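A.B. asks: First, the structure itself, so that you have it in front of you.
The values are calculated or read from the model by the stated rules, or taken from the named source; none is laboratory data. Given the structure is predicted, the values throughout are model-derived calculations rather than measurements. Methodologically, a virtual Cβ is constructed for each residue, glycine included, from the backbone with ideal geometry; neighbour enumeration extends over all protein chains shown.
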Amino acid sequence: MTRPGRTKDKPPFEPGLIPPPGELLVWRDGRHFDRWQDLPCALCGQPTPMRSHSGEPVHKACAESWITANPVEARLGRFASDLTPKPKSQGQGDHS
């Protein structure tokens, strides 16, 4: 029996912008981390609790390296940053 609210297959969530080659992904959303299971990274094969927006197991560093090595294919959106939340008040941004 599964507890309410916990599902085995998590639905993908909406990605944001794809960073330019050499830039870092912004993965602040907790849904990128699976605290229950490490799976082999799709790119290097080592275990990782990290997940892309589509649920693909991948280290953030591996995804960033892949974007740099495959800039044309990266535009298709395999790996992307999180959506940027709208600032709550003008002029504050990330600094409160």
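A.B. asks: Go through region 52-80 residue by residue and tally those that are without any contact (Cβ under 8 Å) to a residue 40 or more places away in the chain, within 18 Å of Gly16 (Cβ to Cβ) and not in a helix (DSSP H, G or I).
C.D. replies: Number of matching residues: 5.
A.B. asks: Just to verify a result, which residue in region 43-58, among those that are in contact with a strand residue (DSSP E or B) (Cβ under 9 Å, 6 or more places away or on another chain) and buried (at least 18 other Cβ atoms within 10 Å of the Cβ), is farthest from Phe13 (Cα to Cα)?
C.D. replies: Ranking the candidates gives Thr48 first.
A.B. asks: Quick one: in region 12-33, of everything that is free of Cβ contacts under 8 Å to residues at least 24 places away in the same chain and in contact with a strand residue (DSSP E or B) (Cβ under 9 Å, 6 or more places away or on another chain), which residue is farthest from Thr84 (Cα to Cα)?
C.D. replies: Phe33
A.B. asks: Okay, moving on. When you check Phe13 against the structure, is it surrounded by 12 or more Cβ atoms within 10 Å (Cβ to Cβ), modelled with pLDDT under 80 and not aliphatic (A, V, I, L, M), yes or no?
C.D. replies: Judged against the criteria, Phe13 is a match.
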